[in-house]
Amino acid sequence: MAIEVSPLPLPRSADPSKFTEFGREVKGVNPGTLTPEEFKEIEQLLYKHSALLFRNTDLTPEQQYALTKAFDPTADSYGHGNNKTGETKKSILHPDLKTIPHVPQVQLIGNGTVYNHEGLAEAKLKHPSHTTFHKTRVSEEDEARGVTRFYRWHIDAALYDLSPPRVTTLYGISIPKGSKQVCRYDDDTGDELEVPLGTTAFVSGKTMFDILPSEFKSLAVRSRVKYMPHPYIWMTPAHAKSTGLGIETEGLEAPMDELPPWEESKVKVFPVLWKNPVTGNLHFEVHPCGVCELFVDPLPQGAKREGALYPDGAHITDLGTVRDTLYKMQRPAIAPSLVYPHDWHEKDLFLFHNRGVLHSVVGAFKPDQVRAFHQCNLAASDDPVGPNAEDVKKWA
């Protein structure tokens, strides 16, 4: 049977014109037992469409690891380092992940207590909630009525020492059902989005760049961001914005002298735009919570200077300015009409191009609602590639 693809079902809130290339459901192939020829076709589809969905899939942790690894055959360690999140109790990621003992590259995530699962006698899982991370929270009364928020828009990446994974695979094992929730932005725009319970929300990094006005396109194509060493420990005491898109600047981050030992050579500096290896498109890929500095190259010779931002280049070290600049550039792309909130079913396998999208946990579960997923991504064998000289000339 030939591989069949069809568009993902979009919610009423989505603007179909912005999703013509994003996301495909794949049928006619077993993702756990792909032939080399089938994998090559799947690989091309993923980079072209950013996300692939396989329904009713039986997938072992070993198969999920093998599938994820096929996108980067020399990669072998979980994206944050095998077992590293569990050992780093100060990390904001610590409560969210449990490692599968016999396949340490695969993590068990979800909510509630899971028993006798893949070598784990008992695993207490915690669904991340905006109530513990945002500066403000929805009221308990609103929460009881199903009002919620995006938790944290991000890329799956350690952002220190290790390179960002190319692909993340998510496999739904136990999916509690419940009423839809309303994701509220609470940023004075009035924006809100109806979402399935426990959705994972995605936005396209390509769209994030495409919709920018010309002055921000020019800034993006000329810029690089520097991430803090051990950023998930650094950000833990701080508070996120109500949209989940970055951190409020309140001076609450962990002091540098309280971070674990670190080396300057392992600090990550990445382009703001990452080049798709198949399409050549530029994707705006910044994890706003971990950024501390912004480097801007000057305009290339002959570029129009009128209206340009930082035409002579800049090295921006003021944290508030860095965050405000990135927020202005990224916030338009999380508008309700540009978000794909996936409606999870048991045995859904969802693959996404981690270097082409941003995503967020959404919603809240009650303690007795058991949810279990297997997640796999692998620290890549290389760093992302940014714009080339022609891209800079075109957009600057």
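For Ser337 and Arg145, calculate 0.36 nm times their separation in residues minus their Cα-Cα distance, and state this gained length in nm to one decimal.
So the extension gain works out to 66.8 nm.
Using 7 Å Cα-to-Cβ label points, what is the His315/Asn116 separation (nm, one decimal)?
6.0
If the cut-off is a Cα-Cα distance under 16 Å, which lysines reach Lys126, setting aside same-chain residues fewer than 8 apart in sequence?
Those lysines meeting the cut-off are Lys89, Lys90, Lys98, Lys366.
Defining a contact as two alpha carbons under 8 Å apart and six or more residues distant in sequence, what relative contact order in percent does the stretch 207-332 show? List each step's numbers first, then the result.
Numbers: 192 pairs, mean separation 42.4, N = 126.
Averaging sequence separation for qualifying contacts and normalising by length gives 34 percent for the stretch 207-332.
Which of Gly307, Ser6, Gly244 sits farthest toward the positive end of the charge dipole of the chain, with +1 on the Cβ of Lys and Arg and -1 on the Cβ of Asp and Glu?
Final value for the positive-end residue is Ser6.
Given the peptides 318-329, 362-373, arrange them by the average over their residues of other C-beta atoms within 10 Å, most packed first.
362-373, 318-329
Going by C-beta contacts inside 10 Å, put Glu38, Glu4 in order with the fewest on the left.
Placing the least packed residue first, the sequence is Glu4, Glu38.
If I model a spin label as a point 7 Å beyond the Cα along the Cα-Cβ vector, how far apart are those points for Phe39 and Ala2 in nm?
Calculated label separation equals 2.4 nm.
At what distance in nm do the modelled label points of Lys135 and Thr60 sit from each other, each positioned 7 Å from its Cα along Cα→Cβ?
Modelled inter-label distance: 5.0 nm.
Quote the relative contact order of the chain in percent (integer), defining contacts as alpha-carbon pairs under 8 Å separated by 6+ residues.
28
If packing is taken as the average count of other Cβ atoms within 10 Å, what order do 375-385, 257-267 fall into, highest mean first?
On the way: 375-385: 20.0, 257-267: 10.5.
Listed from highest to lowest mean packing, they are 375-385, 257-267.
Under a straight-distance cross-link criterion of Cα-Cα below 17 Å, which lysines are reachable from Lys217, leaving out those fewer than 8 residues away in the same chain?
Lys206, Lys275, Lys304, Lys328, Lys393, Lys394
Relative to the Cα centre, what is the charge dipole magnitude of the chain, using +1 at the beta carbon of each Lys and Arg, -1 at the beta carbon of each Asp and Glu, and rounding to the nearest 20 debye?
360
List the pairs from Lys135/Lys226; Lys48/Lys177; Lys40/Lys347 whose alpha-carbon separation is above 28 Å, in the order I gave them.
On the way: Lys135/Lys226 24 Å; Lys48/Lys177 32 Å; Lys40/Lys347 23 Å.
Violating the 28 Å limit, Cα to Cα: Lys48/Lys177.
In what sequence do Asp312, Asp297 fall when counting other Cβ within 10 Å, fewest first?
Details: Asp312 10, Asp297 16.
Ascending number of Cβ neighbours within 10 Å: Asp312, Asp297.
With mean projected area of the Cα convex hull in nm² in mind, check [x] 19.3; [y] 32.8; [z] 21.2 and report the label derived from this structure.
The listed entry that was calculated here is [x].
Please pull out the direction-averaged projected area of the stretch 207-332, using the convex hull of its alpha-carbon atoms, in nm² to one decimal place. Could you put the intermediate results ahead of the total?
Working: hull surface 36.0 nm².
So the mean shadow area of the Cα hull is 9.0 nm².
Which net charge results for the neighbourhood of Val392, defined as the other residues with beta-carbon distances under 10 angstrom from its beta-carbon, given Lys and Arg at +1 and Asp and Glu at -1?
For residues surrounding Val392, the net value is 0.
Please list 150-162, 123-135, 235-247, 15-27 highest first by mean number of surrounding beta-carbon atoms within 10 Å per residue.
Averaged packing, sorted descending, gives the order 150-162, 235-247, 123-135, 15-27.
Stretched out fully, how many nm does the piece from Glu390 to Asn30 gain, at 0.36 nm a residue minus the Cα gap?
125.6 nm
Since every read-out is calculated from the coordinates, none of them should be taken as a lab result. Worth saying up front: this structure is predicted, and the values here are computed from it rather than measured. All Cβ positions, even for glycine, are placed from backbone atoms using ideal geometry, and neighbour counts span all protein chains on display.
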